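What follows is a short report on a single structure.
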Amino acid sequence: MAPLSKVLRPLARAAAASARPAVGKPARLKVSPHNSTRSLSSCPPFSNQVVTKGEPMDLTDIPPTPITHLSETESLMKEQVSKFANDVILPRSRDMDEAEKMDPEIIEQCFEQGLMGIEIPEEYGGAGMNFTAAIVAIEELARVDPSVSVMVDVHNTLVNTAIIKFGKEQDRKKWLPKLATDTIGSFCLSEPVSGSDAFALATKAEKTSSGYKINGSKMWITNSLEAGFFIVFANMDPSKGYKGITAFIVEKGTPGFAISKKEKKLGIKASSTCVVTFDDVEIPHDHLLGEEGQGYKYAIGLLNEGRIGIAAQMTGLALGAWENAARYVWNERKQFGQYVGDFQGMQHQLAQAYTEICAARGLVFNAARKKEAGEEFVIDAAMAKLFASQVAGRVSGQAIEWMGGMGFVREGLAEKYWRDSKIGAIYEGTSNIQMTTIAKMLQKQYKQ
Ligand SMILES: Cc1cc2nc3c(=O)[nH]c(=O)nc-3n(C[C@H](O)[C@H](O)[C@H](O)COP(=O)(O)OP(=O)(O)OC[C@H]3O[C@@H](n4cnc5c(N)ncnc54)[C@H](O)[C@@H]3O)c2cc1C
């Protein structure tokens, strides 16, 4: 299979050069507040005037586009990732789940395909595509295997983005080519004492003559077993509270750094989740990411974006579970002389579930497009993640029932989709936390 990045790069370049801003253009646009019909906005309306690099651009005569419309690059991304997922990942999915281990060949192929550097600019060895292209890839991977999907998601939306946005030019030159080609990244924020209350973290960093020294531990770290590159949040001055939190880069193999426990989980078993410990880990000055004391801002910004990725993962998972069951009930299983999916009681459930999946996708794309357009998207990302994870849980649970006993056994994938769906309501902010965010933002708008 030809690497995706090679096929898509020329198209991505053309899309970036085109004047059409909302579909497929990666450039960051700043929108000023007043009327716009372009996105299904939950925030106060915006104007059709956008500003790119200081030059105003009028969007008035650009026709409103269906929210799930994909540019040529994004459509190709969808097609190619779907083929890759079905041909290469699907045959190994069940075995990886049983072994609770990511197949190293899958990781290698994700790099070869360009899936680990989707938004990394070409000059640093990446595919140079836009955020929605990454979202499309994450959804397509989850349709087949949510574990592979989250590996790609965390690496792209949290780790690569952290370096692209907050790294200095020397960091981008040093790390991005590695992250695009052979080094997996992890994002280390959560700790035994701090989950939802993420900024109560206890890991400490102190300045030394040669750089920084980190002590503490992180919990639930995705990709950590396979990763070579870790973004670590630690507090340099606990007396300042969250304002002491700083982001650092730690490489695997640094003395004092250890992966101390691999979790055994209910779902996404092939994705590694470990406890990571730091015992007098010394890193040089240039392993500071961005500026001291800005770590909490970086983490909030990254997780706001990352949440759209998790929402895409959950949408893909729901569709995969639905399709797996639909194929069975409409083509394989007969009872009372007809396919079980032909009973009206079954058809209605399948129709309702598919409608919910499409609604989730609408929220995901709306959030992604708003982020790309430089609009406020925090509430949209929270709603997308909340709803998509609820849909994933509901649909994958129902899909088991539609398949009867065949849905319950570990021969097929139905029960795996359901187990994998549970994490959607937990990581990158639990469902309660999403609802708190949504309510807070609505209160700002409606409370007098
Ligand atoms: C498989 C997996 C992978 C993960 N990957 C990563 C990773 O790569 N990097 C990373 O940094 N972290 C990661 N995490 C951590 C994840 O982000 C946290 O688990 C999550 O933020 C919830 O924290 P917690 O588990 O401590 O739950 P808690 O915060 O203890 O929450 C327990 C319950 O209390 C509720 N609750 C808490 N506070 C409130 C409140 N204010 N209002 C209402 N309800 C509340 C929660 O909604 C939840 O239902 C991962 C977790 C898992 C399970």
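No lab work stands behind these numbers, since they all come straight from the coordinates. Since we're looking at a predicted model, the values are computed, not measured. Every residue, glycine as well, gets a Cβ built from its backbone with ideal geometry; the counts of neighbours run over all protein chains shown.
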Tensor-based shape of segment 186-293 (alpha-carbon gyration tensor, a/c under 1.5 rounded, otherwise prolate or oblate): oblate
Between Lys168 and Lys264, what is the FRET efficiency for a Förster distance of 35 Å, r being their Cβ-Cβ separation, to the nearest 0.05? 0.35
Spelling out what I want: for every residue of segment 264-271, take phi, set θ = phi - 60°, compute 6.51 cos²θ - 1.76 cosθ + 1.60 (Karplus), and round to whole Hz; glycine and proline get x. 9, 10, 6, x, 5, 5, 6, 8
Segment 304-446, relative contact order in percent, only Cα pairs under 8 angstrom and at least six apart counted: 33
Contact order relative to length of the chain, as percent, for alpha carbon pairs under 8 angstrom and 6 or more apart: 16
Residue among Val340, Val152, Val81 with the largest mean-square fluctuation in a Gaussian network model of the chain, springs linking Cα atoms under 10 Å: Val340
Among Tyr417, Tyr446, which comes first, then next, by fewest other beta-carbon atoms within 10 Å? Tyr446, Tyr417
From the phi of every residue in segment 339-346, what ³J(HN,Hα) in whole Hz does the Karplus formula 6.51 cos²θ - 1.76 cosθ + 1.60 yield, where θ is phi - 60° and glycine or proline is x? 4, 4, x, 8, 5, 4, x, 7
Going 7 Å from the Cα of Thr208 toward and past its Cβ, which residues in segment 264-304 have a backbone nitrogen under 13 Å from where you end up? 279-287
Where both residues lie in the chain, what percent of DSSP beta bridges are antiparallel, nearest 5? 90
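How much net charge surrounds Val148 when only the other residues with a Cβ under 10 Å from the Cβ of Val148 are counted, with Lys and Arg +1 and Asp and Glu -1? Don't skip to the end; give the middle numbers.
Details: positive: Arg92; negative: Asp103, Asp145, Asp153.
Net of charged neighbours comes to -2.
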Compute the length gained on full extension between Met435 and Gln352: take 0.36 nm times their separation in residues and subtract their Cα-Cα distance, giving the result in nm to one decimal. 27.5 nm
Using only DSSP helix segments of four residues or longer, with each worth -39500 (n - 2.57), what per-residue ellipticity at 222 nm results for the chain after dividing by its residue count and rounding to 500? -15000 deg cm²/dmol
In sequence order, what are the phi-derived ³J(HN,Hα) couplings for segment 312-319 according to the Karplus relation 6.51 cos²θ - 1.76 cosθ + 1.60 with θ = phi - 60°, rounded to whole Hz, with x for glycine and proline? 5, 4, 5, 5, x, 4, 4, 5
Cβ density ranking, 10 Å radius, fewest first, applied to Ile426, Ile357 yields Ile426, Ile357
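To one decimal place, what Kirkwood hydrodynamic radius in Å is obtained for the chain from all pairs of distinct Cα atoms? Each step should come with its number before you reach the end.
Values: mean 1/r = 0.0444 Å⁻¹.
After inverting the pairwise mean of 1/r, the radius is 22.5 Å.
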